[in-house]
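Worksheet: one structure, shown below.
Just so you know, all these numbers are worked out from the coordinates, no wet-lab data involved. The structure displayed is predicted, hence computed values, not measured ones. Because the Cβ atoms are built from the backbone with ideal geometry, glycine has one as well, and the counts that use them run over all protein chains shown.
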Amino acid sequence: MFGLSVAIATPFDKNDKIEVNEFRNQISNLLTSKIDSITFFGTTGEGPSISFSEKIQTLEYLLSYELTPKQIYVSIIQSNYKSAQIEIDKYNELGINNFLVSPPFFFKELDQNALEKWFINLFSNISNENNIILYNIPQITTIKIKADLIKNLQEKFGLNFIKGVKDSSGDINQTNEYLKSNNIMTTVGDERLIAKTLKLGGAGSICGLSNIYPNEISKVIKSKKNNPHIINVVNKILKYPVVPAIKTLIYLKTKNEIWLNVRPPLIQSSNKIINELKKII
């Protein structure tokens, strides 16, 4: 069972620098809850807007406290497989071996053969001691990772290397395609689909709302029963830009205005949105 990994948001100060002390406070709070790991620099974490050097410096700082490498997944979001390889190798030097790997996103209309070749070029050049979860989020990348592609990669590199997929498509039919293969460990990003996916044989979730509701979502995973409040919150935040909305909920929970800050090109929630979200926290 994969369990719950928090797709952690990244705090920025008023000068647009990563606020590592608040990052540490958020992680300390999360580690006291019922989570299994933390995923850094993905969609919720604004990973594409953060430089590689910032990511390394931040993780070095956080690892000097209570966080351990085994508790960490790092998102790899690159169109250049050589850059992705360099990132993974450097994270390996920090002891980190767990990765959430997105498909290349710049060139559109790639077929599955082209996509498979890209992944093969990447995975052939990194340590086979790594644990890889592929990231299916076609509404962002415009590229769908099909179940057959994952099975092909598992046949070439092994099940201990290519663990499975995070499906953030929001399409239960797509999720089912992964679940039909017993060897594809399937997690979801849409909190509304967690219970249903677990009932069908899924392994857990990597999701953004666990920044605010870690224990509640962990309970959904363990019980395989929906939490109506969580579903209501998801439906509400989908009316707005999602990442700023999630960070607004963290602000409303922590009372720390740092969490309202987002890095361009994102724009922080307006006062109107903040007031609307106050009604559901």
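Quick one: compute the contact order of the chain, relative version, from alpha carbon pairs under 8 angstrom and 6+ residues apart, as a percent.
Values: 482 pairs, mean separation 54.0, N = 281.
Value for the chain: 19 percent.
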**Study point:** Between region 22-72 and region 140-194, the alpha-carbon center distance in angstrom
**Key:** 24 Å
**Study point:** Those lysines that a straight Cα-Cα span of less than 16 Å connects to Lys144, excepting residues fewer than 8 apart in one chain
**Key:** Lys108, Lys117, Lys166
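Nothing charged except the Cβ atoms of Lys and Arg (+1) and of Asp and Glu (-1): what's the magnitude of the dipole of the chain about its Cα centre? Round to the nearest 20 debye.
Numbers: 33 positive and 26 negative charges, 200 e Å.
It works out to roughly 960 debye.
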Review point. Looking at region 3-223, what % of its DSSP beta bridges pair antiparallel, to the nearest 5?
Key: 5 percent
Review point. For helix 20-31, what angle does its Cα long axis make with the longest principal axis of the chain, in degrees from 0 to 90 and rounded to 10?
Key: 80 degrees
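Sort 204-212, 238-246 by the packing proxy (mean of other Cβ within 10 Å over each peptide's residues), most packed first. If you can, show how the numbers build up before the last one.
Numbers: 204-212: 26.1, 238-246: 18.1.
Listed from highest to lowest mean packing, they are 204-212, 238-246.
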Study note, to complete from the structure: If one compares the long axis through the Cα atoms of helix 228-237 with the longest principal axis of the Cα atoms of the chain, the angle in degrees, nearest 10, works out at 90 degrees
Study note, to complete from the structure: Taking Cα atoms only, helix 81-93 is inclined relative to the longest principal axis of the chain by an angle, in degrees rounded to 10, of 70 degrees
Exercise for review: Using the structure shown, list the pairs from Lys90/Lys224; Lys146/Lys225; Lys14/Lys219; Lys90/Lys219; Lys163/Lys222; Lys196/Lys279 with a Cα-Cα distance above 32 Å, or answer none.
Suggested key: Lys90/Lys224; Lys14/Lys219; Lys90/Lys219
Study note, to complete from the structure: Expressed in angstrom and rounded, the centroid-to-centroid distance over alpha carbons for region 250-281 and region 201-222 is 21 Å
